[in-house]
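The values are calculated or read from the model by the stated rules, or taken from the named source; none is laboratory data. All values reported here derive from a predicted model rather than from experimental measurement. Cβ sites come from the backbone with ideal geometry, for glycine too, and all protein chains shown count toward neighbours. Side chains included, ligands, DNA and RNA excluded: accessible areas come from the protein's heavy atoms. Shrake-Rupley method; radii C 1.70, N 1.55, O 1.52, S 1.80 Å.
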Amino acid sequence: VNFSDCRSAHLQDFSSSRVSLSSAILMTQEDAVRSSLSTEISDKTLLRGVEITRVFSDLGRGFQSNVGCQADYMWSRETELLDDFISHSWNSGRWQKMLTLWFLYNSTAAMLCSLVMGLLLFVLQLDAVAVLPKPAPRELKFAGGTVLATEGIWCTFVCPCVFFLVLVFWQDMKRFFHVRVPLAFVDKFCIDQENADRKIAAIHRLGGLLHHSRRLVILWTPQYFERLWCTFEIASWLKLGKPLSATVFCPLKKALACLTLLLYMNTVAIVHAICRGNLSQVYAYAAVALILPAYPPMHILRHLVHELRQLPLQIRRFSIVDTQCFCCSVGHIAPETHQQIPCDRQLVQEAVTQWFKSLEGFDTAVHEQLGPWAVASTGLSYMNYTTTLIISSPFFYRGLDALAGWDSSMSIWLSLRFHSGFWSMCFVVTPLGIKVLCCFITIMDAYMGVPRNWLLDRTASCLPIFCALLIILGCWAGGLHTRDLEAWWPYTVVCGGFAAVTACCYGASAAMRCIIAQGGLKTHRALASRIKAADGSDGCVGLEPHRQSKPCEVEKRGGQRRRSQLVCVVPSERRESQLVF
């Protein structure tokens with residue numbers, strides 16, 4: 001007997017059995033994770049939410065890093081229903097997220113509180129009350145003569161401070177008075193970062209967390225659709241059949257652009273109140289209030305328009321096989337423990353294939369359902385009238401200060417004509433100027449884009465400043481010139497013309513936004529009816545793919561990507577799905 005041969009054969013059998021055992025263990029772990037990647041939650045302790053005040057605490061310290069601790073996790077609590085599921089990428093900055101969330105949750109309350117404060121200050125400045133002092137009266141040319149005008153200053157200076165204080169601390173005020181605050185899911189606070197088993201279980205139960213959420217809040221950046229888990233959250237939301245009206249697209253730079261524009265308008269109103277129409281200070285007013293502070297909002301608007309113009313093309317070219325994930329970037333080896341980890345891409349793609357019958361089915365759902373809704377919700381040229389009213393609110397406060405010095409000896413028609421300048425700036429001229437400015441920046445971006453050279457990029461931001469300056473000065477000069485005439489009809493015609501153009505512009509943009517959004521809604525309802533009629537499954541769309549993607553493999557595409565050709569399988573008909581762009 002050759003004992004050496006027997007020993008070597010025994011060692012080979014032992015090593016092969018050991019490899020097969022480790023492979024079986026790894027496959028068992030992957031099967032367990034794969035089975036848990038669903039839209040149901042068996043362990044209700046994983047369903048946790050954090051009060052939005054905790055997210056806002058310390059000026060958004062939680063968004064500074066994705067590394068969590070037990071103290072962050074203890075801020076969350078178990079719940080049965082989430083108000084919001086906040087989907088975001090950790091590649092974006094902390095302050096942009098905080099400004100976006102502040103504007104989303106607190107801007108309406110901040111506007112109402114500042115309006116109430118303005119009305120209160122207006123009453124306290126009236127001559128009948130005379131609690132707050134007013135500056136000395138000044139003579140103004142008006143209606144072919146001169147009038148003695150007395151204007152207050154309290155609304156112009158105090159109301160913006162109230163707005164920004166409420167914008168930051170509104171949720172804390174609600175919590176102080178024991179008013180319920182929104183309960184949201186934020187991964188860093190609601191997933192146990194120290195217990196590895198619970199962390200993995202919670203990550204693979206994101207679909208179930210979305211199932212128990214009322215609204216999906218997407219903090220969008222140009223890199224959002226490139227992240228695997230972000231796309232999985234969208235897939236879960238579409239699979240669950242949630243209404244698109246419960247999906248909130250929030251570009252991070254949009255809130256920053258609106259707030260910088262609001263600061264600019266506050267600067268214009270404050271400098272105007274200080275100058276008080278003195279002609280010797282016109283040039284200083286134009287330089288300090290209209291040109292210098294206009295650069296930051298114009299620069300941010302240019303870059304925002306450039307990103308939003310890429311959104312339709314980004315959604316049209318979206319494919320889940322091109323997304324990036326952490327596990328594939330490290331070669332499926334954990335950097336800390338150097339152990340093999342399951343492939344997230346394989347698990348996510350298998351779940352998406354099970355829900356939508358193919359990866360191309362999910363791509364088509366994003367193209368046809370989510371795409372039109374995202375474009376209609378985020379387009380800067382489709383900015384609604386309410387947002388522009390928030391931006392132009394400083395002129396409303398100036399109008400309240402001017403109305404506080406109303407002269408009772410003046411007739412009612414002359415008084416309306418005298419005080420209508422600030423109201424027209426608030427409700428007509430500024431919204432119209434913002435609409436024209438957005439269109440101008442969009443056209444400029446179509447021809448110029450964003451130069452890579454630092455100096456050219458900063459220089460290009462000066463062009464919208466001159467456009468805004470011409471709009472404001474042109475409208476203001478035309479209104480003041482006709483207001484000073486003795487006849488009443490020129491000023492009425494100018495104000496009526498501006499109001500008609502503003503109504504047409506915002507009406508057309510609202511109609512276009514509804515048309516684009518309805519395209520996504522009709523597709524959403526049609527696909528939902530096909531799902532129900534096909535086999536009664538909840539959230540699976542029957543599609544015949546012409547291409548199958550392999551797990552852990554990203555398709556390399558050179559140049560422009562080709563569109564996926566899909567045929568929807570419907571019980572009574574077969575028709576090709578088309579992109580709604």
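Filter the cross-link list K97/K254; K97/K188; K254/K435; K44/K199 down to pairs whose alpha-carbon distance in this structure exceeds 22 Å.
none
Suppose the chain between L389 and F466 were pulled fully straight at 0.36 nm per residue; how much longer would it get relative to their current alpha carbon spacing?
25.5 nm
With a Förster radius of 30 Å, plug the Cβ-Cβ distance of R175 and S245 into 1/(1 + (r/R0)^6) and report the FRET value to the nearest 0.05.
0.60
Sorted by average packing, counted as other Cβ atoms within 10 angstrom per residue and highest first, what order do 324-333, 301-310 take?
Listed from highest to lowest mean packing, they are 301-310, 324-333.
Hey, can you rank 75-88, 117-130 by average C-beta count inside 10 Å, highest first?
The most tightly packed comes first, giving 75-88, 117-130.
Ignoring ligands, DNA and RNA, what percent of the 1.4 Å accessible area of the range 74-190 is carbon and sulfur?
Summing carbon and sulfur atoms, their accessible area is 68 percent of the total for the range 74-190.
Using the heavy atoms of the protein chains alone and a 1.4 angstrom probe, what is the accessible area of the range 123-240 per residue in square angstrom?
Roughly 44 Å² per residue, with all protein chains present.
Tell me, what ³J(HN,Hα) does each residue in the range 444-452 have, in order and in whole Hz, if you take phi through Karplus 6.51 cos²θ - 1.76 cosθ + 1.60 with θ = phi - 60° and put x for Gly and Pro?
3J(HN,Hα) across the range 444-452, in whole Hz: 5, 5, 5, 9, 10, x, 10, x, 6.
Mind giving me the nanometre distance, one decimal, between the label points for A109 and Q310, set 7 Å out from Cα along Cα→Cβ?
3.5 nm
Give a residue-ordered list of calculated ³J(HN,Hα) values for the range 212-218 (Karplus: 6.51 cos²θ - 1.76 cosθ + 1.60, θ = phi - 60°; whole Hz; x for Gly, Pro).
Here the 3J(HN,Hα) series is 9, 10, 7, 9, 9, 9, 9 Hz.
So for each of 445-454, 419-428 I average, over its residues, the number of other beta carbons within 10 Å; can you give me the resulting order with the highest mean first?
419-428, 445-454
Could you go through the range 245-252 in sequence order and give the Karplus-derived ³J(HN,Hα) for each residue, using 6.51 cos²θ - 1.76 cosθ + 1.60 with θ = phi - 60°, rounded to whole Hz, and x for Gly and Pro?
Karplus-based 3J(HN,Hα) across the range 245-252 equals 5, 8, 9, 10, 8, 10, x, 5 Hz.
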